[in-house]
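Below you'll find the structure, written out as C-alpha cells, and then a few comments.
The values are calculated or read from the model by the stated rules, or taken from the named source; none is laboratory data. Note that this is a predicted model, so its numbers are computed, not measured. Cβ sites come from the backbone with ideal geometry, for glycine too, and all protein chains shown count toward neighbours.
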Protein chains: 2
Amino acid sequence: MSYAQDALLETASNDTIAYDITEDLTTEVGPRQAGTEAEARGRAWALKRLKAEGFDNVTLEEFQMPTWVRGDESARILSPFPQNLTLTALGNSASTGEAGLEGEVVYFHTLDDLRAAPDGSLTGKIAFVSHNQIPTQDGSSYGSFGPARFVGPSIASQKGAAAIVIRSAGTDYHRNPHTGNTNFTDGVNAIPAAALSIPDAENLQRIIKRGKPVRMKLKLTPKNIGMQTSGNVYADVVGSNPDLGMIIIACHLDSWDLGTGAIDDAVGCGIITAAAKHLKKTGKLKRTIRLFWAGAEEVGIWGGKDYAEKHAGTNHALAMESDFGAGAVWRVDFALPASAKPLQDRIARALHPLGIVASSLPAGGGADIGPIIRAQNLGIIDLQQDGLKYFDLHHTPDDTLDKIDKADVQQNVAAWALTLRELANYEGKLDNK
Amino acid sequence: MSYAQDALLETASNDTIAYDITEDLTTEVGPRQAGTEAEARGRAWALKRLKAEGFDNVTLEEFQMPTWVRGDESARILSPFPQNLTLTALGNSASTGEAGLEGEVVYFHTLDDLRAAPDGSLTGKIAFVSHNQIPTQDGSSYGSFGPARFVGPSIASQKGAAAIVIRSAGTDYHRNPHTGNTNFTDGVNAIPAAALSIPDAENLQRIIKRGKPVRMKLKLTPKNIGMQTSGNVYADVVGSNPDLGMIIIACHLDSWDLGTGAIDDAVGCGIITAAAKHLKKTGKLKRTIRLFWAGAEEVGIWGGKDYAEKHAGTNHALAMESDFGAGAVWRVDFALPASAKPLQDRIARALHPLGIVASSLPAGGGADIGPIIRAQNLGIIDLQQDGLKYFDLHHTPDDTLDKIDKADVQQNVAAWALTLRELANYEGKLDNK
C-alpha cells in the first residue's frame, strides 16, 4: 500500500499533535519530579489535555511513594590543582551535611575494579568510578555501564568509602552531569553519591594521572522528605468488544528535575497519544486502547507497580511503551503467541515503508508496563528507537524541547498508528498466558 | 615546496607542544579568572613552562585592575508556569542582594526593540532581550548580536529596569549560559544582568507567547572586590639584529571562571608558543619574536593596555594574536605597508598547502595587541580561524579540553610557523608608521 493510498499513514506522518504535547508539557509545566508539586501540576495538565483531545474514561489514580529531593551540590579539588568540578547528586544519595566532607580520591577505571578493592580499603576516602560507555543504536551500552550508577555507590559504601563520584552514565561532552537513581542494598549505609559531567570526569582522570595524591571537597545536601503523593493518569479509546483484552500503551509523566523532560518522556506521551488519536478517527476499533501516562517512573517505577496492583482484575492483552526519546524507530521486536505469527508478519510489512525491520529478538517491554506484563503474561511489541544520541541527554539539564526532531517524531507516530491498527482489530490471542 | 622538502612545515604539522600546553594549563591550573589567585597560579605556571621550553627573557610584569567575582545565581518563573531557569551573571552585573528580586518580564526580540522602549517604561521590571545569532565562519554574527550583552544592560538601566536577562550571546543548544563582560555607561546605575542558556531563553519566549503576565524571581550575588593583582608574562626568541623591530605574538592567560579556558585561550598560547619553538630550532632569526601571554583580557584588556604603556619605548614592528579558539585557519588578512607586497605574496603562497587563502580585507589584530598596535602603528597579520563552532563554547562551562581537535591545532601551528619564518627574516619595513 502506498502512502497516498493509506490515509492513516499519511495523517500520522504529518502529525503535529505529538510535538505540540511535548512543547506544551515542557513549557507549561517544565520539570516534574515525582512526588513534588510540579508533578501534581503535570497530572492536572495531563487530565485536561487528554479530555481536550477527546479520549474516554480520563482517570487519575493517586498513590504514595517515598520522595528524595536535591539540595546544594558542589565539588572542588583542594590539591594538587585547586579547581571546581561540576557534578550532580544521584537519587537516594545521602547528604554530606552543610559543612561538606573532604577526602582523598581513589580511582577505579571500571566497576569491576571497585568490586575488586579489599574491604575497608576505602575507609574515609572518596571513590571515583569511571567507565567507557559509548553511543550504541540499541542503547545496550547503558545496560553494561549504567551499573556504575545503579550499584556502584552501594559497593563503595560496603568497602567503607565516605562518598563516591562516578563518571556520568552518558555519552556527551557537556558540563551537564547525568542524574538518576542509585539503590543501596538493604543493610548498607547510604553515602553521598554524585555523577561528574564527562568533561569533569576526564579532567579528574588527568589530574590523578599526574601522580600526586588528590584531595576533594564534596558538598551534597539532598533530603528524604518521606511519603508524598504521586499518581497515574490514563485514558481510553473504547473498543466495540469488551471481551477482547485491551492494548495498554505507556509513557511516563514524571521527569528528572534537571531538564524539562522533553525526550524523557514528554515526547513518549506525545507519540502514543497522537497515534491513538489518529487511529480513533478512522472508525470504531474492536479492542480498547488504553493510554497509560505513568507517574513516578524515574524514582522506582511506582506508577507501574501501583497500576498493576489496582488493575489486577482488568482484562489486558498486550502492552507497549514509548520511553526512549525522540529518535526514529528502526526495529520492531515481538513477544506474541505462536498463533499470532500472521499478525506479526502483517505488522512487519506495514512498517517497511517507514524503514523499520523486524528482529528475531524477543520484545522485553518497558519499565512502566513491566509489572502488568509480569502479572498478566501480556503480549509485547517494542518499537525500538535509535538510541545513538539518547545518552547525550538522558537525565541531564540538556533534556529540553530543542533536542526534538519533528520528522523523527512523525515517523514514530506513524509506526505506532500502523501497529495499533493491526492490534486493535485483531480478534485472536495476543497474550502469553 | 612540498611537505617533505620543508622540514619546518613537516615538524609544525606534527606538533604536540600546542596541545600539551593546552592540556597542562587546563588540567594543572584550570579556570583562571583575572585578578584571582587562580590567575596568579596561571602566571607561575606560565613562567615555569616558558623557561622549560627554552625561551629567552622570560618576564613577569604585574599590574593592578578592578575585580568582579561571581556569587550565587538562580532564576525562577513564579507564574504562570513555575520552573527554574539556568542563567549566569554577566561581568560587572550588580547584585540583587541575598533576598533576590521579583519583577514582571518584558520581552524584546532585539536590542533595537529595547532601545525603542520609552524611558521609564521598564521601571521595576525585568527586561528580557533576545537575538538571532547564528554560526558564522568569520565570527561576524557575534559582532552584530553581542551588543545585547555589551550594552543591553546599560540601556535597560537607563529605561528604569530593575534587572535584565539576555539570551546568551552564543549559538549552542546546551544549558550552559555564556558569561562575558557588560559595561555600564558612566552615570548609569549598574543593575543585575545575566545571560540565560539558549534552551532557557527559548523556553521563556514560549512561556511569554502564551499571553499571560510572566513574573520572575532573580538572585545574583556577585561582588566587586576592588583592585587586585594581575600580570602579563612574556618571553623572547632573540633575533640577530636588534635594530629591526620585534614581532609580537599574543594570546591571553586569563579565562572566564565557568570553563577551564581551553579554547579561550589556552590553545592560543599553545599555538603561538609551539610555532615559535619550532621556528627557533631552524636557526638564528633576524628579528626578535616576543611571545606575549596577556593577563586580564576578558575583563577589560588590562594586560594589553599595561603592556603598551610599559613598552612605549620598545621597538615593535608587527603584531599577531591567536584568540579565536582551536578551529583551523582558513584565511589570512594583512595590514602592511605597500612596500611589503612581495612579502605578503610569499606568505600567501606559503599558506596555500594548508588550505589558507589571502583575503582583500585589512587585518584588524586582536584585543591584547590592540593597544600596542595603536600606540606604535604596527603592521598586522591575522590568521583567521574557522569560527562556526566557537560561539557554541565561548565563555561557557563547556570551554574544556575535550573540545580541542588536535589536527586543527597542528594546522594552526604550521600556519603560524610558516608566517613567522617569513616575518622574522624580513628586513624591510613592516610597521605602518
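Which ones in the stretch B:39-78 are assigned to a helix (DSSP H, G or I), out of contact with any Phe, Trp or Tyr (no Cβ under 7 Å at 6 or more places or on another chain) and buried (at least 22 other Cβ atoms within 10 Å of the Cβ)?
Those that are assigned to a helix (DSSP H, G or I), out of contact with any Phe, Trp or Tyr (no Cβ under 7 Å at 6 or more places or on another chain) and buried (at least 22 other Cβ atoms within 10 Å of the Cβ): B:E39, B:G42, B:R43, B:L50.
So, in the stretch A:275-304, of the ones that are farther than 20 Å from A:V69 by Cα and charged (D, E, K, R), which residue ends up nearest to the other protein chains (Cβ to nearest Cβ)? Break it down stepwise before answering.
Applying the first criterion (farther than 20 Å from A:V69 by Cα) to the stretch A:275-304 yields A:275-293, A:304.
Add one more test, that the residue is charged (D, E, K, R), and what stays is A:277, A:280-281, A:284, A:286-287, A:290.
On the way: A:K277: 22, A:K280: 27, A:K281: 27, A:K284: 36, A:K286: 40, A:R287: 37, A:R290: 29 Å.
Only one residue tops the list, namely A:K277.
What residue, among those in the stretch B:1-38 that are assigned to a helix (DSSP H, G or I) and of a type in the set (D, E, K, R), is farthest from the chain's Cα centre (by Cα)?
B:E10
Which of the following residues is within 14 Å of chain B (Cβ to nearest Cβ) and at pLDDT 95 or above: A:D431, A:D392? Explain how you work it out, then say what you get.
On the way: A:D431 fails: within 14 Å of chain B (Cβ to nearest Cβ).
Matching residue, one of A:D431, A:D392: A:D392.
Against the condition of a type in the set (K, R), on the phi < 0 side of the Ramachandran plot and in the same structural domain as A:A235 (by TED's automatic domain parsing), how does A:R43 come out, does it pass? Break it down into steps so the answer makes sense when it comes.
Details: of a type in the set (K, R): yes; on the phi < 0 side of the Ramachandran plot: yes; in the same structural domain as A:A235 (by TED's automatic domain parsing): yes.
Yes; evaluated as a whole, the condition is true for this residue.
Please specify each residue of the stretch A:107-132 satisfying the condition of being of a type outside the set (D, E, K, R) and surrounded by fewer than 21 Cβ atoms within 10 Å (Cβ to Cβ). Before the answer, list the steps.
Just the residues of the stretch A:107-132 that are of a type outside the set (D, E, K, R), to begin with: A:107-111, A:114, A:116-118, A:120-124, A:126-132.
Scanning the stretch A:107-132 gives A:Y107, A:H109, A:T110, A:A116, A:A117, A:P118, A:G120, A:S121, A:T123, A:G124, A:N132.
For the stretch B:85-106, how many residues are of a type in the set (A, V, I, L, M, F, W, C) and surrounded by fewer than 16 Cβ atoms within 10 Å (Cβ to Cβ)?
Taking the stretch B:85-106 first, the residues of a type in the set (A, V, I, L, M, F, W, C) are B:85, B:87, B:89-90, B:94, B:99, B:101, B:105-106.
Add one more test, that the residue is surrounded by fewer than 16 Cβ atoms within 10 Å (Cβ to Cβ), and what stays is B:99.
Here the count works out to 1.
Working only within the stretch B:162-192, note down all residues that are more than 21 Å from the chain's Cα centre (by Cα) and in a strand (DSSP E or B).
B:A163, B:I164, B:V165 - these are the residues of the stretch B:162-192 that are more than 21 Å from the chain's Cα centre (by Cα) and in a strand (DSSP E or B).
So how many residues does the stretch B:9-55 have that are more than 14 Å from every other protein chain (Cβ to nearest Cβ) and touching a strand residue (DSSP E or B) at 6+ places or on another chain (Cβ under 7 Å)?
The qualifying residues number 8.
So which of B:Y142, B:Y107 ends up being out of contact with any strand residue (DSSP E or B) (no Cβ under 8 Å at 6 or more places or on another chain), touching a residue at least 60 places away in the same chain (Cβ under 8 Å) and of a type in the set (F, W, Y)?
Details: B:Y107 fails: out of contact with any strand residue (DSSP E or B) (no Cβ under 8 Å at 6 or more places or on another chain).
Testing whether each residue is out of contact with any strand residue (DSSP E or B) (no Cβ under 8 Å at 6 or more places or on another chain), touching a residue at least 60 places away in the same chain (Cβ under 8 Å) and of a type in the set (F, W, Y) leaves just B:Y142.
Being assigned to a loop (DSSP other than H, G, I, E, B), within 14 Å of chain A (Cβ to nearest Cβ) and in contact with a Lys or Arg (Cβ under 6 Å, 6 or more places away or on another chain) is the filter here; which residues of the stretch B:79-109 pass it? If you could, list the steps in order and put the result at the bottom.
Step one: list which residues in the stretch B:79-109 are assigned to a loop (DSSP other than H, G, I, E, B), which gives B:80-82, B:86, B:90, B:92-100, B:109.
Now narrow it down to the ones that are within 14 Å of chain A (Cβ to nearest Cβ): B:80-82, B:86.
Scanning the stretch B:79-109 gives B:P80, B:T86.
Determine, yes or no, whether A:E73 is in contact with a strand residue (DSSP E or B) (Cβ under 6 Å, 6 or more places away or on another chain) and under 29 Å from A:E202 (Cβ atoms).
Numbers: in contact with a strand residue (DSSP E or B) (Cβ under 6 Å, 6 or more places away or on another chain): yes; under 29 Å from A:E202 (Cβ atoms): yes.
Taking the combined requirement at face value, the residue satisfies it.
Those residues that are surrounded by 24 or more Cβ atoms within 10 Å (Cβ to Cβ) and basic (K, R), I need them from the stretch B:136-173; list them, please.
Across the stretch B:136-173, the qualifying residues are B:R149, B:R167.
Which residue is farthest from B:I404 (Cα to Cα), if the candidates are limited to the stretch B:306-321 and must be in a loop (DSSP other than H, G, I, E, B) and of a type in the set (G, A, S)? Let's see the steps before the verdict.
Quick first cut of the stretch B:306-321, residues in a loop (DSSP other than H, G, I, E, B) only: B:311-315.
The next check asks that each one be of a type in the set (G, A, S); those that pass are B:312-313.
Working: B:A312: 36, B:G313: 38 Å.
Checking each candidate, the answer is B:G313.
Mind counting the residues in the stretch B:322-370 that are of a type in the set (K, R) and within 30 Å of B:L401 (Cβ to Cβ)? Steps first, please.
Residues of the stretch B:322-370 that are of a type in the set (K, R), as a first pass: B:331, B:341, B:346, B:349.
Still in the list and also within 30 Å of B:L401 (Cβ to Cβ): B:331.
So the answer is 1.
Tally up the residues in the stretch B:66-78 that are within 14 Å of chain A (Cβ to nearest Cβ) and either of a type in the set (S, T, Y) or without any contact (Cβ under 8 Å) to a residue 12 or more places away in the chain (or both), please. It would help to see each step written out before you state the result.
From the stretch B:66-78, those within 14 Å of chain A (Cβ to nearest Cβ) are B:69-78; that's our starting set.
Applying the additional criterion that residues be either of a type in the set (S, T, Y) or without any contact (Cβ under 8 Å) to a residue 12 or more places away in the chain (or both) yields B:74.
The number of residues fulfilling the criteria is 1.
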